[in-house]
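Please treat every number below as a calculation from the coordinates, not as lab data. Everything numeric here is computed off the predicted structure, so don't read it as measured data. Counting neighbours? That spans all protein chains shown, and the Cβs are built from the backbone with ideal geometry, glycine included.
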Amino acid sequence: MHDLLKILWISTIAGLATTFGSLLVLLFGKPKERVLASLLAGAGGVMLAVVTVDLIPNAWKIGPPLQVSAGFALGLLFMFLAAKRLNVPTNTLPLSRRQRLKRTGLLIATGIALHDIPEGMAIAVSQEAAPSLGLLIALAITLHNLPEGMATTVPLKMARIRRWKILLLNIGIAFFTPLGALLGLVALENVQNSLAFFLALAAGAMTFLVFAELIPLSRERHPHYALLGGSIGFIFFALISMLSPL
């Protein structure tokens, strides 16, 4: 019971970093368009670094190739269907920028929620293997979640969604990390296979989000700022991922 409570505590703190990142944006004020472009592209760079440096290599290392491939394909398919479902019917008219920003924010939230499940599982499994390792991974995940909360909030705020709704959404996202920790404890005996599938699923979802939503939207008005933000986000998070034990 002591380990269960500790795992739930550290995974909840790591998850709530998403909410804290959201609060920073809500309190900071409406960003300028070039700042938005940089943040959106930066979020894309962060997610691409997590996929290429963290999720796919770890999934490939611990899971059967067929399972990893299936998880990645299902992640792509899930986000493709989610994007279609979030399209606002406007007959033959394209989505407005506000509608695109709203959809992007919701898709980012979905991708982060999927990503938080294997992160919670990783905390639980590591804590069971070595108590100090679970805490270190939770700290690394906290660093991951701060900009993810900001990435969710920026497009939704620019789409003029009410602040309390944005905050509630990020609070909801935060609890996917302890949910993943619980799933990790339940599936501990088969955790390697389960974890590989969820890692690949999150990788597929985030890959779709980066190339289908974040990059096109960030480059729409300020492509140079988008390139700068994306490069900084990728390099910064690649370094964090390589230096962290996750």
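Observations on the structure shown:
- Net charge over other residues, Cβ less than 15 angstrom from the Cβ of Phe176 (K, R count +1; D, E count -1): -3
- Full extension of the chain segment joining Leu5 with Phe211 gains 70.3 nm, where the gain is 0.36 nm per residue of separation less the Cα-Cα distance.
- The length gained by stretching the chain between Ser69 and Arg221 to full extension, at 0.36 nm per residue less their Cα-Cα distance, is 51.2 nm.
- Gain on full stretching of the segment that runs from Ile232 to Leu182 - 0.36 nm per residue minus C-alpha separation: 14.6 nm
- With each label modelled as a point 7 angstrom along the Cα→C-beta vector, the Lys84-Lys165 pair spans 2.5 nm.
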